[in-house]
Structures are given as structure tokens and as C-alpha cells.
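J.: Dumping the structure here so I can ask a few things about it.
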Amino acid sequence: MKTLMKLTKTSILEAIRLSVFILLIVGLSGTTAVALDPMGPPSTNIEHGQFSIGADFSHSNTDLELNNGVWTEYLDGVFYDWGDAVDLKLKDLEVNRGYVRLGYGISENFEAFFRIGGSSAEFGDSIWEDSEEFESRAEPALGFGVKATLFDGGNFKFGGLLQTNWTGFDGKLNASHWAASDFVEIDMVEVQIAAGVTLMLSDNVSIYCGPFAHFIDGELDDTFSAVDTGTGGLLTSRYLWDIEENSTFGGYLGAKMELSDNCFMNMEFQHTSAADAFGMGIAWRF
């Protein structure tokens, strides 16, 4: 029986070299590293009328701006006081995401895709700078996007993509010396817009790269309660900030490998001055 695998020894070596190169970049990029989703090649991967199904994974680390904050206080459930909260920078928000991805070739050079999966997040010592740590539960995540090939020169392609995702994180913010935990909720909508080139190195291996823009809109809600020393009542405080991206523009580099006629995988590294992400995916065409 003929095997479906068509990678030659040369192609395998090329794929390994590219994978190691990308992983080295990730390792050397430092910890300046929200939750960037894998983008893949900035051109279509499936033909008109084809479907694809696969899995995507990403790990990202970012700094976020918390602006336009307000705080309110309730004493025994009755409004007590309010005011403006200072702007903050949320440092090193780490997010892991996993998706099932379904795509469809709408036309010869245009495809759309939908993602559904889960995500989790954590950060430490950023809001109160009191050695506190946040860890979310596994939460649902949704995303969708489109890709277009604008120029196809055979071994060279130019195209673009637009994708968006929604994620919410709920969890406890706590420190070992606190009497009780804060309850934190994070809701974010992200948009990534990219353009770039895909260069075929062989029949089975290609590299892709290009610039991209990353936009974030969301809110962070921090609520905690303590006994009021003056009245002896229960004082509940709520802080609410708008989330904004700390850096909008960046670049990405990746490699795509055709494992068979109907199966391909890719891995990539994304970078802005405030965020780093590593992503990978595998998909089957049918």
C-alpha cells in the first residue's frame, strides 16, 4: 500500500531547520511578552468548495494598559462611595488557547474559518503589586476570520487575512498574606489584520512572513470585600478598567509543511513591542 506521506528527506530537513529556527526566536525573545491567535500563511490553504478541519494552539504573553478606571464601594449592600482609579499596566498576562478550526473555500482565492475551543490565563503582582497571583479556570473561546490570496506566482504568493476572537477569564486574585481573595473577570475582543508573502522552498515546505496589526477592546473587573474598621460592616469594593493594547503593530514569521495531499501543519512566532506569541496548527482538507 502506497504511503500518503510525500515529504522527501530534503523537505524533512528543511522543515526541521525552520521549526528549530522559529523556536530559537521564541526562546531568545525575552519575557516582554494578549492573547494572539495563530494566523497561518497570509493566503488561502484550501480550494473553492473545499472544507478543512483541524486544531490550533497558541501561547502568548503580553502587557496591557488598564485605563479609564473607576471604583465603587458598598457598605452592607448600600452604595457608600466612588471615584476614579489610577491607570495601570497589567504585565505578563500569559494565555493558553486551544481550538477546533473549521474552514471553507468560498472562492478560488478566498476562504473563511470558524474556531471554537477553550483558554486559560494567569498573571502576577500587577494590579496591587502585593505579590498577588491570578489564575483563571478553563473558559470557552470563539473566533472567526477570512483569508485572501491577492497574487499567486506559483512559488510566491501575496495575500492577507483578518481574524477576531472573544475570550472571557474568571478567577481569583490572591496572595498568601491576604485574608480573602479578589474575584477578577476579564472580557476581551481582539482583532488581527495581517498581510504578507508565502514562499515555496519545495513542493512540501514553505515559509511565510509579514506585518500585522493587533487591536484589543475589553474590561477588567476586580471585586473584593473586607470588614470596615470604622463601622464594623462589610465593605465591598469594585474596580473596573478598560483594557487597551500596549502595542498595535508587529510582525510574524512561520513555516508550513504539507504532510500529505490532504494534510498540512504550520507553526509561527508573532511579536510586537509588548507581546510575544507562539502558535501552531494542523488541518485536513476534504
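The values are calculated or read from the model by the stated rules, or taken from the named source; none is laboratory data. A quick note: this is a predicted structure, and the numbers were derived from the prediction, not measured. Cβ sites come from the backbone with ideal geometry, for glycine too, and all protein chains shown count toward neighbours.
J.: Name the residue that is farthest from Thr223 (Cα to Cα), counting only residues in the range 118-137 that are under 13 Å from the mean Cα position of the chain (by Cα) and surrounded by 20 or more Cβ atoms within 10 Å (Cβ to Cβ).
T.: By that ranking, first place goes to Ser119.
J.: Suppose we filter the range 95-131 for residues that are acidic (Asp, Glu) and either within 20 Å of Ile243 (Cβ to Cβ) or part of a strand (DSSP E or B) (or both); how many remain?
T.: Result for the range 95-131: 4.
J.: Determine which single condition Gly49 fails, assuming it passes every other condition in (1) of a type outside the set (A, V, I, L, M, F, W, C); (2) at pLDDT 90 or above; (3) crowded, with 17+ Cβ neighbours inside 10 Å.
T.: The one condition Gly49 does not meet is (3).
J.: Taking the condition over 18 Å from the mean Cα position of the chain (by Cα) and either part of a strand (DSSP E or B) or of a type in the set (A, V, I, L, M, F, W, C) (or both), does Ala148 pass?
T.: yes
J.: Continuing with this model, one more query. So which of Phe183, Phe269, Phe264 ends up being touching a helix residue (DSSP H, G or I) at 6+ places or on another chain (Cβ under 6 Å) and surrounded by 15 or more Cβ atoms within 10 Å (Cβ to Cβ)?
T.: Answer to the check: Phe269.
J.: Hey, could you check the range 266-276 for residues that are assigned to a strand (DSSP E or B) and of a type in the set (S, T, N, Q) and say which is nearest to the chain's Cα centre (by Cα)?
T.: By that ranking, first place goes to Gln270.
J.: Let me ask something additional. Which residue, of Gly218, Gly279, is in contact with a Pro (Cβ under 6 Å, 6 or more places away or on another chain) and in a strand (DSSP E or B)?
T.: That would be Gly279, the only listed residue that is in contact with a Pro (Cβ under 6 Å, 6 or more places away or on another chain) and in a strand (DSSP E or B).
J.: Continuing with the same structure: Under the condition of being in a strand (DSSP E or B), hydrophobic (A, V, I, L, M, F, W, C) and at pLDDT 95 or above, which residue from the range 80-94 is surrounded by the most Cβ atoms within 10 Å (Cβ to Cβ)?
T.: Once the filter is applied, the top-ranked residue is Ala85.
J.: Could I ask something else about it? When you scan the range 59-73, how many residues do you find that are surrounded by fewer than 17 Cβ atoms within 10 Å (Cβ to Cβ) and either among the hydroxyl-bearing types (Ser, Thr, Tyr) or closer than 24 Å to Asp37 by Cβ (or both)?
T.: Here the count works out to 2.
J.: Let me ask you something else. Among residues belonging to the range 157-168 that are modelled with pLDDT of 95 or more and either among the hydrophobic types (A, V, I, L, M, F, W, C) or over 17 Å from the mean Cα position of the chain (by Cα) (or both), point out the one that is nearest to Arg238 (Cα to Cα).
T.: The selected residue is Leu162.
J.: Can you tell which of Ile243, Ile207 is in a strand (DSSP E or B), within 18 Å of Ser60 (Cα to Cα) and more than 14 Å from the chain's Cα centre (by Cα)?
T.: Ile243
J.: If you don't mind, there's one more thing I want to ask. So which of Phe151, Phe169, Phe134 ends up being of a type in the set (A, V, I, L, M, F, W, C) and over 20 Å from Glu244 (Cα atoms)?
T.: Result of the check over Phe151, Phe169, Phe134: Phe151.
J.: Taking the range 152-204 only, how many residues are under 29 Å from Glu108 (Cα atoms), outside any loop (DSSP other than H, G, I, E, B) and in contact with a strand residue (DSSP E or B) (Cβ under 7 Å, 6 or more places away or on another chain)?
T.: Summing the residues that are under 29 Å from Glu108 (Cα atoms), outside any loop (DSSP other than H, G, I, E, B) and in contact with a strand residue (DSSP E or B) (Cβ under 7 Å, 6 or more places away or on another chain) in the range 152-204 gives 22.
J.: Quick test of your reading of the structure: Ile207 fulfils all but one of (1) in contact with a His (Cβ under 7 Å, 6 or more places away or on another chain); (2) modelled with pLDDT of 95 or more. Name the failing condition by number.
T.: Every listed condition holds for Ile207 apart from (1).
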